[in-house]
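> The following block contains the structure, expressed as structure tokens.
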Amino acid sequence: MSASVDAAAATPVPTRRSRGQTLRLYGRRLLRQPIATVGTVIFIIFLLMAVFGPWIAPYGFEEQSIPDRLQSPTLQHPFGTDNFGRDVFSRIIVGARGIFLLGGTGTILAVLMGTTVGLVSGYFGGLLDEILMRLLDVLLSIPSLLLALVLLGTVGPSLINLILVVAVLYIPMIARVVRSMVLDLKTKEFVEAARIRGERDSYVLFREILPNALPPLLVEASMRFSYSIFLVASLGFLGLGVQPPSPDWGLQINEARNYLEGAPWMLAFPALAISMLVVATNLMSDGLRRVLQPGREDS
Amino acid sequence: MAASAETAPGREGRTVLEIEGLSVAYRTEEGDIFPVRDVSLTIAKGESFGLVGESGSGKSTLAMGAIRYLPANGRVTSGRVLLRGEDLLSLSDKEMRNVWGSRIAVVYQSPGNALNPSIRTGNQIAEVARIHLGMSKQEAHQRMLEMLEKVKMPDPESVARRYPHQLSGGMLQRCVVAQAMMTNPELLILDEPTTALDVTTQAVVLDLVAELKQEFDSAILYITHDLGVVARVCDRVGVMYAGEFMEQGGIHDLFKRPLHPYTLNLLGCVPHFSLGPRRKTLNTIPGFIPRLDELPEGCIFAPRCSLAEPECRVAQPPLVRAAEDHLTACRRWPVVPTPAEHMATITADLMQARGAAENRLLEARDVKKYYPVPTQGPFRQDKRKVKSVDGMTVWIDEGRTLGLVGESGSGKTTLARTIIGLVEPTEGTISLRGEILGPTTRSRERDVLRRIQMVFQNPDASLNPRQTVGQSIGRPLTLFGTPRHEVPRRVLELLEAVHLSPSYYHRLPSELSGGEKQRVAIARAFAAEPDLILCDEPIASLDVSVQGSLMNLLTTLQAEKGTSYLFISHDLSAVQHLSDWVCVAYLGYAMEWGDAGDVLNPPYHPYTEALLSAIPIPDPDVIQKNIRLEGSVPSAVDIPSGCRFHTRCPRFIGDICIQEEPPWREGEGDHWIYCHHTFEALVEMQKETLRLADHDHGTPGVEVQV
């Protein structure tokens, strides 16, 4: 790992390892894990679907063709058609956007808020820590789907509300991970060295502690994202997610229930999409852990 | 590679273990590496063979390879291992399992991990006899008690009934040894068994190992990095370097007349305990142990060797017999200088910062730090306190070093953390140049904070893993007002001062060795241009050759910058080497304190005396009186009455020690002892405590020459 060594005598301060080199190193570590690589590739494919979905999809997701309803998979409709004659393949492609938008934004919000709570709680400790942690315990003690239903039932299932619900549900987990990292890091000698120098709390928190808590935080965030896919799909299935006719995967499964005997593809393909994305995300986050924290664990 | 060792004559028939041309390979991501290459050794019945080397020398791999106990990615690639003539490498796995535990026993570094915490110790020890000797429960129990008796365990019956967490480190290690000896194994492997222990406990365990040789006739393979330990318990030594033997020989021959430059250098790296005022720089070995995937051509030590000639780099020199039972891998062994010559040429008198006036820099007066006892549940308030520091007064003069010595639990680190403001003292004051400082870092002004810096013990945790070396050293500079554009230049100056090249500027801590990290930490401390640096065991976890160079570095920097140090250590040799003043602490209170020369010469406080007789001195000819402290340091919650040391004191008088606090007796010069004995009485008792080998026609007060 001596990529940085450029002891050219001409320049007194040698150049540092560039960001590109660091990324290449991470890339090499990832490629050594074939399973994680596969997971990452699948994840990226879904991500591209979410971004470019409407342009890739062969048909519009709302495009109905009653004569072609409930067709089994053919070359024209690789995943078949649904009860309105809409192309299931196109609806899955376009539906990825909703999952990423809700789950992804919700997770990011949860990470931002959970990290703040975890940092403050772990670093300052005392009464504040006690209060924050007990509040999170309350959130954790209610089954998450139930809590989501209650919240959405109260405020109504708008896009913003869905995102907020995902965020609220995952704040406790993120906060706990961050807090435990902070508790461990704040007794480390380099943090004490900073206190000895008289650094401000903000410097200690954001420059000394947070960067070292990032790898586990990223891993936790990717795990949370994979859970949020389930959550968003479940809410869609229960009719509390994005409202029809949007191509939400959970909603599609719900609609497919009535046609299970005649048109199982209506249910099979959205379900497959959900599990593929969840499994791929999990594989990726496993790989991420090994890339960011090599040698930390061996599983 | 043709380094086949010749076995010394006259020991055939008694040979227990014979390793011939053993090579071990590890599979890694970058391909196979060979941490042990073509190594041979023999150990006879009742003999103890010391395997010495720095970390990465392959000493543990050699031992574990020989008994086929390698991790999954390791394998023996060639060689023979004979245990009483039986080739271990040809045994089936099942046969090998029978050999382990019954004919070969291993004791590891950490006794706490070797025992199951949920089974009573006695049952664990007895189990061995039931499995391997087929004894009944009763017989096994009986044998277990005998064994505990043999390892000098006080009150074996009650120890056997206890769980591992209820025993001290020294007692645990004795249990593990007892367990290992249950089957009277032919070969006992001790892998750094005392590294995790305090000096005083280490001494007890080493005595035990020495006695084992008398009690049993097992062959002992003793793995350690500490030459002092080897000198105390081994009959023969093999010095390993990067996977090969550099030298093998009888303990006295090898220490008196090492025939390999590496051994010679290693001996020069450790500060030798001396009673005189004269101090020398320590030997340093340039460069690093080569990486196993890029070994140099020819002699593997040649790149770091001062005696190397061009021929040394051509072919690998074989291990040759230079004298009766003395093998060396140096082709120039006839010209290897004697230790005395060597030390005379490579060391210089220590530059000392003997400056002008004796200005008092820092004073910690009557410092107490009490912690509440952790409560046992919500409704049981425990009013008692853990008295980590219980009324200590120390002061440090400008440009001088105060050495603070004591076992773990003596409160040395807590005192340092109180001085720097990381913990708030319960009572007492800290003053810098007469000005009383705030109790915590938050209550101190920036300029006060700048004046006191700290170097921590654990090199892996003292640098932020996410910041480059340049950022770590540069931060105190920017914080304390160096103009931004000058920071990189100052960082480079500091790197140079700690002997690191500019190429380290952008490296991350994970790319540095332990010694390099500690250098960066020292540079960071000096970046603030402090008046005082607290060094909390900064070298304890490093290899000997690195320790020596860091101690040299600390002394030169002190001489250049006039910085004062508080040097905390459990290692009296290091403290003796670096300090002007010494304070010996026990259970949060000073026992003896004064000028280094006075404290470390008789009369001693009985506690200092015990510490002195416990340090392993790397010279088999030194005579140390056996003064051993039994048991462990008492709990800091219930501090013994009267003199707090009376429960373990080897010079215990009687009721007076239990009932009355001893007076502070003042001796000649600056020397205070906290004891009921008078100075005269102590002098009389302690004549024989430590006699250093006087190779130099000496009265006590002569530098120990190896």
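The values are calculated or read from the model by the stated rules, or taken from the named source; none is laboratory data. From a predicted model like this one, the values you see are computed outputs, not experimental measurements. Please note: Cβ atoms are built from the backbone with ideal geometry, for glycine as well, and neighbour counts cover all protein chains shown.
> Scan segment A:125-140 and report the pairs whose first residue is surrounded by 11 or more Cβ atoms within 10 Å (Cβ to Cβ) and whose second residue is part of a helix (DSSP H, G or I), with Cβ atoms within less than 6 Å and a gap of 6+ or a chain change.
Pairs that qualify, where the first residue is surrounded by 11 or more Cβ atoms within 10 Å (Cβ to Cβ) and the partner is part of a helix (DSSP H, G or I), are A:129/A:121; A:132/A:117; A:132/A:121; A:136/A:172; A:136/A:175; A:139/A:172; A:140/A:172.
> Determine if segment A:240-260 includes at least one residue that is more than 30 Å from residue A:35 (Cβ to Cβ), at pLDDT 85 or above and buried (at least 21 other Cβ atoms within 10 Å of the Cβ).
No, there is no match, as no residue in segment A:240-260 is more than 30 Å from residue A:35 (Cβ to Cβ), at pLDDT 85 or above and buried (at least 21 other Cβ atoms within 10 Å of the Cβ).
> On the basis of being modelled with pLDDT under 90 and within 14 Å of chain B (Cβ to nearest Cβ), does residue A:218 make the cut? Full working, then the answer.
Working: modelled with pLDDT under 90: yes; within 14 Å of chain B (Cβ to nearest Cβ): yes.
In short, yes.
> Could I ask something else about it? Sort out for me the helices (runs of 4 or more DSSP H) sitting completely within segment B:104-186 that have 3 or more residues that are surrounded by fewer than 19 Cβ atoms within 10 Å (Cβ to Cβ), more than 28 Å from the chain's Cα centre (by Cα) and without any contact (Cβ under 8 Å) to a residue 40 or more places away in the chain. So that I can check it myself, show each step before the final result.
Details: elements: B:111-114, B:121-132, B:137-150, B:156-161, B:169-181.
Hits in segment B:104-186: B:121-132, B:137-150.
> Out of B:516, B:493, report the one residue that is farther than 19 Å from residue B:535 by Cα, more than 9 Å from every other protein chain (Cβ to nearest Cβ) and either outside any loop (DSSP other than H, G, I, E, B) or touching a Leu at 6+ places or on another chain (Cβ under 7 Å) (or both).
B:493
> For segment B:594-649, enumerate the residues that are surrounded by fewer than 19 Cβ atoms within 10 Å (Cβ to Cβ) and in contact with an Asp or Glu (Cβ under 6 Å, 6 or more places away or on another chain).
B:595, B:625, B:642 - these are the residues of segment B:594-649 that are surrounded by fewer than 19 Cβ atoms within 10 Å (Cβ to Cβ) and in contact with an Asp or Glu (Cβ under 6 Å, 6 or more places away or on another chain).
> Out of segment A:110-165, which residues are closer than 25 Å to residue A:226 by Cβ, assigned to a loop (DSSP other than H, G, I, E, B) and not polar (S, T, N, Q)?
Once the filter is applied, which keeps residues that are closer than 25 Å to residue A:226 by Cβ, assigned to a loop (DSSP other than H, G, I, E, B) and not polar (S, T, N, Q), segment A:110-165 yields A:142, A:143, A:157.
> Okay, moving on. Tell me the residue from A:171, A:196 that is more than 14 Å from chain B (Cβ to nearest Cβ) and assigned to a helix (DSSP H, G or I), please.
A:171
Here is a yes/no grid of residues against (1) at pLDDT 75 or above; (2) surrounded by 14 or more Cβ atoms within 10 Å (Cβ to Cβ); (3) in contact with a Lys or Arg (Cβ under 6 Å, 6 or more places away or on another chain); (4) within 14 Å of another protein chain (Cβ to nearest Cβ):
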{"residue": "A:3", "(1), (2), (3), (4)": "no, yes, yes, yes"}
{"residue": "A:12", "(1), (2), (3), (4)": "no, no, no, yes"}
{"residue": "A:34", "(1), (2), (3), (4)": "yes, no, no, no"}
{"residue": "A:44", "(1), (2), (3), (4)": "yes, no, no, no"}
{"residue": "A:49", "(1), (2), (3), (4)": "yes, yes, no, no"}
{"residue": "A:98", "(1), (2), (3), (4)": "yes, yes, no, no"}
{"residue": "A:109", "(1), (2), (3), (4)": "yes, yes, no, no"}
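> Identify, from the list B:426, B:418, the residue that is surrounded by 17 or more Cβ atoms within 10 Å (Cβ to Cβ), more than 9 Å from chain A (Cβ to nearest Cβ), polar (S, T, N, Q) and under 20 Å from residue B:402 (Cα atoms).
Sole residue among the options that is surrounded by 17 or more Cβ atoms within 10 Å (Cβ to Cβ), more than 9 Å from chain A (Cβ to nearest Cβ), polar (S, T, N, Q) and under 20 Å from residue B:402 (Cα atoms): B:418.
> Now a separate question. Please pick out the residue among A:93, A:66 that is of a type in the set (A, V, I, L, M) and modelled with pLDDT of 80 or more.
Every option except A:93 fails the conditions.
> Can I ask one more? List every residue pair whose Cβ atoms lie under 6 Å apart, where the two residues are 6 or more positions apart in sequence or sit on different chains, the first residue falls within segment B:459-475 and is within 8 Å of another protein chain (Cβ to nearest Cβ) and farther than 14 Å from residue A:208 by Cβ, and the second residue, located anywhere, is basic (Lys, Arg) and outside any loop (DSSP other than H, G, I, E, B).
As it stands, the answer is none, since no pair meets every condition given.
> Tally time: how many residues in segment B:627-678 are of a type outside the set (D, E, K, R), assigned to a loop (DSSP other than H, G, I, E, B) and at pLDDT 80 or above?
The number of residues fulfilling the criteria is 26.
> Within segment B:538-547, can you find the residues that are surrounded by fewer than 20 Cβ atoms within 10 Å (Cβ to Cβ) and either modelled with pLDDT of 85 or more or not polar (S, T, N, Q) (or both)?
Within segment B:538-547, B:540 is the sole residue that qualifies.
> Turning to a different aspect of this structure: Do any residues in segment A:146-166 that are surrounded by 15 or more Cβ atoms within 10 Å (Cβ to Cβ) have Cβ atoms under 6 Å from those of residues that are outside any helix (DSSP H, G or I) and not polar (S, T, N, Q), where the two are at least six apart or on different chains, and which pairs are they?
A:152/A:240; A:157/A:240
> May I pose another question? So, in segment A:188-207, exactly how many residues are surrounded by 18 or more Cβ atoms within 10 Å (Cβ to Cβ) and touching a residue at least 60 places away in the same chain (Cβ under 8 Å)?
2
> Could you list, in sequence order, all residues of segment B:445-458 that are closer than 25 Å to residue B:366 by Cα and more than 7 Å from chain A (Cβ to nearest Cβ)?
B:445, B:447, B:448, B:450, B:451, B:452, B:455
> Restricting attention to segment A:177-187, does a residue exist that is within 14 Å of another protein chain (Cβ to nearest Cβ) and free of Cβ contacts under 8 Å to residues at least 24 places away in the same chain?
Scanning segment A:177-187 turns up at least one residue that is within 14 Å of another protein chain (Cβ to nearest Cβ) and free of Cβ contacts under 8 Å to residues at least 24 places away in the same chain.
> Continuing with this model, one more query. Which of the residues spanning segment B:341-381 are at pLDDT below 70, surrounded by 12 or more Cβ atoms within 10 Å (Cβ to Cβ) and more than 27 Å from the chain's Cα centre (by Cα)?
Once the filter is applied, which keeps residues that are at pLDDT below 70, surrounded by 12 or more Cβ atoms within 10 Å (Cβ to Cβ) and more than 27 Å from the chain's Cα centre (by Cα), segment B:341-381 yields B:353, B:355.
> In this structure, is residue B:573 under 21 Å from the mean Cα position of the chain (by Cα), among the hydroxyl-bearing types (Ser, Thr, Tyr) and assigned to a helix (DSSP H, G or I)?
The answer is yes for residue B:573.
> Here is a further query. Is there a residue in segment A:91-98 that is over 27 Å from residue A:221 (Cβ atoms) and of a type outside the set (A, V, I, L, M)?
At the first step, the residues of segment A:91-98 found to be over 27 Å from residue A:221 (Cβ atoms) are A:91.
Those still in the list that are of a type outside the set (A, V, I, L, M) too: A:91.
Checked segment A:91-98: at least one residue is over 27 Å from residue A:221 (Cβ atoms) and of a type outside the set (A, V, I, L, M).
> Out of A:210, A:272, which single residue is more than 14 Å from chain B (Cβ to nearest Cβ), surrounded by fewer than 21 Cβ atoms within 10 Å (Cβ to Cβ) and of a type in the set (A, V, I, L, M)?
Just one listed residue meets the conditions, A:272.
> Counting residues that are under 24 Å from residue B:61 (Cα atoms) and touching a residue at least 24 places away in the same chain (Cβ under 8 Å), which helices (runs of 4 or more DSSP H) fully inside segment B:197-275 reach at least 3?
B:199-215, B:227-233, B:261-269
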